[in-house]
Structure formats: structure tokens, C-alpha cells
Amino acid sequence: MTPIKIIAIGGDFIGPEVVNEGLKVLKKVEEINNLSLEITNIEGGGNYYLNHGVEWEEGSYEQCKKADAILFGAIGHPKARLPDNHIAGANIILGLRQRLDLFANIRPTKLYLGVKHKLSNEFRQIWAPKNVNFTIIRENTEGLYSSPFKHRPKVDSSLIQVIDERLISRKGSKRVIELAFQYADYKESRTPFDNVNRLTAIHKSNLLLGCQIFMDEFYSIASLHKSIVANDILVDSFAQDVLRSPEKYSTCVTTNSFGDILTDLVSTLAGGMGMAPSGQINGWSSDSHGMFEPIHGSGPDIAGKGIANPIAAILSVSMMLEWLGRKQSDDKFLISAKSVEDAVIKLLQKGDTLPLDIGGSAKTDQVGDAIVELINNSS
Ligand code: ATP
């Protein structure tokens, strides 16, 4: 049996801390379900740049390209800047998205039973788990974040005015919208509010030309998917509505920077950044690529204390296993994906080993170990 090649890139600060826990979980399901994985660690990021003068070693990208999937932590070190003053390490993550053409960033927001919301430094149950279970699919290769790859002037005080370009193409819009319909169809996701498999486009087409193209494509593709109810909402309106009525959403699709900002916002509904996983993919065919990572950043403020919540990284492992299972039509991976999520669900319901950010006192590795044990006990 040819092993499945997984590349793990921890990155900076809490990135490696949470990826380590993800890898523990991955190795446990490999053992239990006979998966045959070949896991290779690659170092890189801002810290690596400070120590070695390069963001990562030459040949690293080629290794990622050959891999079946990538598990990513987080990159970003406040002191690590490239000569042009741009953040060191960003080329790794943005470069992988561009070069592997990972055009869809799938970001689920799911509130599990047992998770409280931290608001104004108090833990309270604000939203109900039955009402929070939706996914935002964010375009991942265009939008505001594609311009750094074209031209980037040195950032210093001589730069008095800039225009950040926001590229939106028909091709780029079409493929992410099509993928979102396929996702909604496969997942059979339904809105808690009215039990409808709905795909909502989030946009600003009353002002932005790019969003007009996006919406044009959205409704033309929607006409081919009659089993899914298509609707749309302006991005500013969504930002307030999703907090008041998350039950109205099941699958959403949007452009790059809107998706970036909104998914940080809605992570609060699920318990915070430590609870929000993601998968960046370009499909489910045998030659497609996938990179899976918690949506949070490198968390310099909490690094080194062992207090980062590894659940987002562990749920990203579950997403990676599910994606591999679907891509390879291999039930062992689908079963593994489910067992990881089930273990997280049990951990949260038991409530005795919760991480700090959702009201517990368990350390990063204790949370990882407890999830591994729960997987072991249920096998
Ligand atoms: P970036 O700018 O790359 O997004 P960041 O670390 O500045 O990175 P976030 O990752 O968005 O920003 O973090 C926002 C806050 O959430 C920080 O206070 C951080 O410590 C906290 N946080 C992020 N990830 C976790 C986690 N896994 N567990 C607990 N707290 C987290």
C-alpha cells in the first residue's frame, strides 16, 4: 500500500504547539484504522527567517506539491520582516494558496454542546448549539490578497498613497461558486431555521464591480442546481444578521477578504478562534490539492505557555481526513475523520479537560492527550 504523504508545517509561535496535538491525533487514527501515512515536517515562517535568513528551505514547495495533503499551523512573527518590510513567512501561506491553486477556503462554524462564549471576560451561553452550524466558503486566490504577488513597493514613509487592487474574475468566481454548490449538495447541509439546503452569497454588489461579476455568476450557476435554494445578502447586513440569527445559514460563499474577516467574526459563535478549523482545496478529484489549518494566527501573546486551544487544529485534521477519504474513495479515512470529530464532541460534553479560551484550565497537550484517549476508548 503506497503511504499517503502528509506535510506538516507548524510555522510560528502557537502554530507548532497546536499542530503537534493534531499530529498526535492523526497518528492515533492511523494506528487504529491502518491508514499508512508518511508524515514529513517542514520548518518555515517568520522565526525561521530570523534564524536562517530564508522563509523556508529551497525545495519545500516542491515537497508540498508532491504531498497528498498539508497540515498547516500559523505563520507570523511581529519582528520578522523581509527587506521590503513585508511580513516574513507570508509568502509560504499565500504562495501555497496561489501555486497549488487552492481556490476554495472552506471554514465551518459549528457550536458544540458544552462550549461557552467568552464575552467581556465572562463565560456565558449566548448562542444555542442547535442554531450554529454553517460553513463559509471563501474565494482564496483572488480579491484583495492577490496584489502582493504582482508588484509591491517598499513600505516606508515616502509612500504617501497606495491603491490595493481587488481582482475578481469570472473564472475565479465561477469555480468557487461551483465548488460551494457541490459542497452544499454533498453535505446536504440544512438551515436550523427552516431546514433548507441553502447557499447564500455574501457580497457588496451595490457598490463594487467585482461583486457584480460574482453575483452574475452566482445566479447563473444557481439555475443549474435546483435542489439548493440560492439567496444573497450584502456583506454589512450579513455581519449583523449572522450574530442575531445564525440559524438562517447553512452554506455561504463569498470573496476573499470578506470571507477572511467574516470567518474571524463568526468564530465567536463557535467559542472563538481556538474552535475554528479550515480546509483550502481545489476540488475532490484524485489530483487535487488540500491544505488544512486552524483559521487563527500565530498568537504571539499566548505562545510558549501551553495554553493555546488545539481543537481548531484537531478539527482541521478531521477535515483533512474527510477530504482524503472523499478524494480517494476510502472509507477508512472517512471513518477516521468522524472518530476525530466524535472525540472532540465527547471531550466538550464531558467538560473536564477544556482549554482556557472556552472556560477550562487544561493545557494544550492535555487537551490533545484527552482527545487521543477518547479516540482510543471508542475504537
Ligand atoms: P494573525 O494576525 O495572523 O491572524 P494573531 O495571532 O494576531 O494572528 P489571531 O490568531 O486572530 O491573531 O488571534 C486573535 C486572538 O485570539 C489572540 O489574542 C490570540 O491569542 C487568540 N487565539 C488565537 N488562536 C488561539 C488558540 N488556538 N487558542 C486560544 N487563543 C487563541
Average projection area in nm² (convex hull over Cα atoms of segment 300-363, one quarter of hull surface)
5.0 nm²
How much of the pair distance distribution for the chain lies past 36 Å, counting alpha-carbon pairs only, in percent?
19 percent
What fraction of the Cα pairs in segment 1-85, stated in percent, has a spacing above 16 angstrom?
56 percent
To the nearest 20 debye, segment 5-101 has a Cα-centred charge dipole, built from +1 on Lys and Arg Cβ and -1 on Asp and Glu Cβ, of 140 debye
Normalised contact order of segment 116-270, rounded percent, pairs of Cα under 8 Å and 6 or more residues apart:
35 percent
Going by the alpha-carbon gyration tensor, a ≥ b ≥ c the square roots of its eigenvalues, is segment 182-279 rounded (a/c under 1.5) or, if a/c is not under 1.5, prolate (a/b greater than b/c) versus oblate?
oblate
Fewest Cβ neighbours within 10 Å first, please rank Asp357, Asp330, Asp236 accordingly.
Asp236, Asp330, Asp357
Please list the non-local residues whose amide H lies under 5 Å from the amide H of Ala230, H modeled 1.01 Å from N, same-chain partners needing a gap of 5 or more.
Leu199
Burial ordering of Thr109, Thr191, fewest other beta-carbon atoms within 10 Å first
Thr191, Thr109
Rg followed by Dmax, in Å, when segment 116-270 is reduced to its Cα trace:
17.3, 55
Jot down the per residue volume, in cubic angstrom and as a whole number, of the convex hull over the alpha-carbon atoms of segment 19-62.
78 Å³
Which chymotrypsin sites (Phe, Trp or Tyr not before Pro) from segment 56-156 combine a DSSP loop assignment with at most 10 other Cβ atoms within 10 Å?
none
Checking Leu243, Leu71, Leu324 against a Gaussian network model of the chain (alpha-carbon springs below 10 Å), the top fluctuating residue turns out to be Leu243
Could you tell me what percent of the DSSP beta bridges with both partners in the chain are antiparallel, to the nearest 5?
40 percent
When the charge dipole of the chain is computed with +1 at the Cβ of Lys and Arg and -1 at the Cβ of Asp and Glu, the Cα pointing farthest to the positive end, of His52, Tyr186, Leu144, is that of Tyr186
DSSP beta bridge pairing in segment 116-270, given as percent antiparallel to the nearest 5
20 percent
Size of the dipole of segment 116-270 about the Cα centre, Lys and Arg at +1 and Asp and Glu at -1 on the beta carbon, nothing else charged, in debye to 20?
240 debye
Need the full-extension length gain, Gln240 to Arg190, defined as separation in residues times 0.36 nm minus the C-alpha distance. One decimal, nm.
15.9 nm
Ratio of Rg to Rh over segment 294-335 (Cα coordinates, Kirkwood Rh, two decimals)
1.19
On a full-extension model of 0.36 nm per residue, what is the gain between Arg81 and Ser157, subtracting their alpha-carbon distance, rounded to one decimal in nm?
25.8 nm
Taking 8 Å as the Cα distance limit and 6 or more residues as the minimum spacing, I'd like the relative contact order of the chain as a percentage.
22 percent
Dividing the Cα radius of gyration by the Kirkwood radius, what Rg/Rh value follows for segment 1-149?
1.02
Please check: in the Gaussian network model of the chain (C-alpha springs, under 10 Å), which one of Leu321, Leu159, Leu119 has the largest mean-square fluctuation.
Leu159
Which whole-angstrom value gives the distance between the alpha carbon centres of segment 308-340 and segment 99-133?
18 Å
For segment 130-196, count all C-alpha to C-alpha pairs, find those more than 18 Å apart, and express that count as a whole percent of the total.
58 percent
Using a Gaussian network for the chain with springs between C-alpha atoms less than 10 Å apart, which of these wobbles most: Gln240, Gln280, Gln366?
Gln240
With label points set 7 Å from each Cα along the Cα-to-Cβ direction at Gln182 and Glu58, the distance between them in nm comes to 3.6 nm
What Kirkwood radius, in Å to one decimal, follows from the Cα pairs of segment 226-379?
17.2 Å
Summing -39500 (n - 2.57) over the DSSP H runs of n ≥ 4 in the chain and dividing by its residue number, what mean residue ellipticity at 222 nm do you reach, to the nearest 500 deg cm²/dmol?
-12500 deg cm²/dmol
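Read-outs throughout are calculated quantities, based only on the coordinates presented, and are distinct from any laboratory measurement. None of the values given here were measured: they were computed from a predicted structure. All Cβ positions, even for glycine, are placed from backbone atoms using ideal geometry, and neighbour counts span all protein chains on display.
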